[in-house]
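Each remark here refers to the structure printed beneath this line.
The values are calculated or read from the model by the stated rules, or taken from the named source; none is laboratory data. In this text the structure is predicted, and so the values were computed from the model without any measurement. All Cβ positions, even for glycine, are placed from backbone atoms using ideal geometry, and neighbour counts span all protein chains on display.
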Amino acid sequence: MQIHRLVALALALAALGLLLIAGLLLARMAAARRSERTLRHALDERALQSAALAAAARHGEGAPGGAKAAARSMQPAGFKGLLERFAHTGIRWLDTPVGRQVVAEEDRRLLEQCGFVDTRTRGLFLVARLVGATVLPALAAALASGRLEGSRHVALVIIAAMAGFMLPKLVLRRRAGRRRNAVVDELPLLVDLLRLLQGVGLSLDQGLQVVVNDFRGMLPVLAGELEIAQRQFAAGRTREQSLNRLATSYDNEDLRAVMRLLVQVDRHGGAVQEPLKQFGDRLRETRRAMLRERIGRLAVKMTGVMIVTLLPALMIVTAGPGVLAVQHSLGTVKH
């Protein structure tokens with residue numbers, strides 16, 4: 001009997017030790033995540049301040065009291081000032097338990113896919129969800145007062161609150177889907193441009209800067225993402241960190257491979273014209289296969305459309321005279 005008790009006590013102590021180890025690991029992971037968020041927030045704030053100071057210096061250059069004008073220009077008024085206050089309020093709420101539930105990891109990923117990488121937009125998204133969940137049910141309750149009573153009124157308010165809470169996320173998801181499709185379309189052209197720029201003797205940083213400055217009209221999504229990466233690199237992040245966000249945000253294996261290649265070139269150097277050429281050929285073959293698949297699906301869909309639209313008209317044209325002749329013959333026999 002005592003042996004069983006000793007075994008149970010040993011198992012209990014082992015389980016307690018495992019729980020303590022798991023708790024320590026979770027606490028260390030949470031601390032590392034908090035420090036990473038703090039560092040990211042500091043780098044984003046530094047980049048935003050640098051951009052604001054540069055813009056203010058350009059606007060206030062050559063004017064008397066340029067520093068004062070720059071300081072005044074950094075304090076927007078009106079709707080922009082209200083938006084900034086909302087953004088700062090949302091930023092203060094981001095690291096609270098409610099903020100982490102409202103703006104979850106999935107929502108942060110959607111924001112990154114939409115091109116919003118700073119904490120200001122995350123704060124605005126949090127405030128937008130809370131305002132939608134508050135204003136829309138109040139509006140629905142005001143419109144339904146006197147028309148609906150009891151449980152129907154309560155159900156309408158609850159549905160309106162859920163719709164107001166989910167509406168910003170639905171808008172983000174739609175925009176993120178469009179940008180993911182745009183990344184698939186723009187990636188072969190980006191690979192060809194990087195190969196050409198490397199071939200004329202430009203470095204990686206110069207090539208990326210040329211893509212950002214001169215080819216934004218051809219690559220609106222990827223040029224904007226590379227501009228964010230360049231800004232983060234200038235703010236103090238490494239090339240791998242600045243490109244890793246772009247590689248992991250869009251769930252695109254080809255884009256991830258291109259970013260890994262650029263990181264290796266920046267770290268070790270070397271000629272990349274031939275690897276980029278082979279990669280571009282593979283992307284074009286993949287795109288041709290995808291287009292053939294789309295054409296095949298379109299042919300199947302058009303078959304249904306033709307059956308619904310053209311077949312009735314074809315039956316009327318071909319069988320109509322025969323039906324009319326039979327009807328005329330039957331009418332003559334009857335008379």
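Residue-wise test of (1) of a type in the set (D, E, K, R); (2) more than 28 Å from ALA30 (Cβ to Cβ); (3) surrounded by 19 or more Cβ atoms within 10 Å (Cβ to Cβ).
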site	(1), (2), (3)
THR89	no, no, no
GLY123	no, no, yes
ALA128	no, no, yes
ALA142	no, yes, no
ILE158	no, yes, no
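Residues that are in a helix (DSSP H, G or I), free of Cβ contacts under 8 Å to residues at least 60 places away in the same chain and not acidic (Asp, Glu) were ranked within the range 199-215; the one that is nearest to VAL272 (Cα to Cα) is GLY207. Among the residues of the range 235-261, the ones that are over 29 Å from ARG174 (Cβ atoms) and touching a residue at least 60 places away in the same chain (Cβ under 8 Å) come to 3 in all.
When residues of the range 91-107 are filtered for being β-branched (Val, Ile, Thr) and farther than 14 Å from LEU124 by Cα, how many remain?
At the first step, the residues of the range 91-107 found to be β-branched (Val, Ile, Thr) are 91, 96, 98, 102-103.
Applying the additional criterion that residues be farther than 14 Å from LEU124 by Cα yields 96, 98.
The total comes to 2.
So if I check each of GLN327, GLN273, GLN264, GLN278, which one is more than 30 Å from GLY199 (Cβ to Cβ) and polar (S, T, N, Q)? Show your work before the answer.
Details: GLN273 fails: more than 30 Å from GLY199 (Cβ to Cβ); GLN264 fails: more than 30 Å from GLY199 (Cβ to Cβ); GLN278 fails: more than 30 Å from GLY199 (Cβ to Cβ).
After applying the criteria, what remains is GLN327.
Suppose the filter is in a helix (DSSP H, G or I), at pLDDT 70 or above, closer than 27 Å to VAL171 by Cβ and small (Gly, Ala, Ser); does GLY132 pass it? For GLY132, the condition - in a helix (DSSP H, G or I), at pLDDT 70 or above, closer than 27 Å to VAL171 by Cβ and small (Gly, Ala, Ser) - is met.
On the basis of being over 30 Å from LEU136 (Cβ atoms), of a type in the set (A, V, I, L, M), crowded, with 18+ Cβ neighbours inside 10 Å and under 22 Å from the mean Cα position of the chain (by Cα), does LEU172 make the cut? Show your work before the answer.
On the way: over 30 Å from LEU136 (Cβ atoms): no; of a type in the set (A, V, I, L, M): yes; crowded, with 18+ Cβ neighbours inside 10 Å: yes; under 22 Å from the mean Cα position of the chain (by Cα): yes.
Answer is no for this residue.
Within the range 290-311, is even one residue within 29 Å of the chain's Cα centre (by Cα) and farther than 23 Å from PRO188 by Cα? It would help to see each step written out before you state the result.
To start, the set of residues in the range 290-311 that are within 29 Å of the chain's Cα centre (by Cα) comprises 290-295, 297-298.
Within this subset, residues satisfying the condition of being farther than 23 Å from PRO188 by Cα are 297-298.
Yes: the range 290-311 contains one or more residues that are within 29 Å of the chain's Cα centre (by Cα) and farther than 23 Å from PRO188 by Cα.
Being over 22 Å from ALA176 (Cα atoms) and assigned to a helix (DSSP H, G or I), is that true of even one residue in the range 250-260? Yes, the range 250-260 contains at least one residue that is over 22 Å from ALA176 (Cα atoms) and assigned to a helix (DSSP H, G or I).
Kindly evaluate PRO188 against the criterion of being touching a residue at least 60 places away in the same chain (Cβ under 8 Å) and either among the hydrophobic types (A, V, I, L, M, F, W, C) or more than 30 Å from GLN101 (Cβ to Cβ) (or both).
Details: touching a residue at least 60 places away in the same chain (Cβ under 8 Å): yes; either among the hydrophobic types (A, V, I, L, M, F, W, C) or more than 30 Å from GLN101 (Cβ to Cβ) (or both): yes.
Yes; evaluated as a whole, the condition is true for this residue.
Condition (residue is touching a residue at least 12 places away in the same chain (Cβ under 8 Å) and over 22 Å from ARG178 (Cβ atoms)) applied to the range 280-298: is it met by at least one residue? Yes; the residues of the range 280-298 include at least one that is touching a residue at least 12 places away in the same chain (Cβ under 8 Å) and over 22 Å from ARG178 (Cβ atoms).
Scanning the range 221-238 for residues that are among the small types (Gly, Ala, Ser) and either modelled with pLDDT of 90 or more or crowded, with 18+ Cβ neighbours inside 10 Å (or both) turns up ALA223, ALA229, ALA235.
Within the group GLY81, GLY150, which residue is modelled with pLDDT under 75, on the phi > 0 side of the Ramachandran plot and either out of contact with any helix residue (DSSP H, G or I) (no Cβ under 8 Å at 6 or more places or on another chain) or among the aliphatic types (A, V, I, L, M) (or both)? Even if it seems obvious, please write down each step before you answer.
On the way: GLY81 fails: on the phi > 0 side of the Ramachandran plot.
Step by step, each of GLY81, GLY150 is checked, and only GLY150 is modelled with pLDDT under 75, on the phi > 0 side of the Ramachandran plot and either out of contact with any helix residue (DSSP H, G or I) (no Cβ under 8 Å at 6 or more places or on another chain) or among the aliphatic types (A, V, I, L, M) (or both).
Screening the candidates ARG237, ARG267, ARG245, ARG287 for the property of being under 18 Å from ASP205 (Cα atoms), of a type in the set (Lys, Arg), under 26 Å from the mean Cα position of the chain (by Cα) and part of a helix (DSSP H, G or I) yields one hit, ARG245. For the range 188-220, taking the residues that are of a type in the set (S, T, N, Q) and surrounded by 16 or more Cβ atoms within 10 Å (Cβ to Cβ), the one that is modelled with the highest pLDDT is identified as GLN209. Looking only at the range 248-261, residues that are more than 18 Å from GLN113 (Cβ to Cβ) and within 22 Å of the chain's Cα centre (by Cα) come to 2 in all. It is to be established whether one or more residues within the range 165-172 are over 22 Å from ASP266 (Cα atoms), without any contact (Cβ under 8 Å) to a residue 60 or more places away in the chain and of a type in the set (Phe, Trp, Tyr). Yes: the range 165-172 contains one or more residues that are over 22 Å from ASP266 (Cα atoms), without any contact (Cβ under 8 Å) to a residue 60 or more places away in the chain and of a type in the set (Phe, Trp, Tyr).
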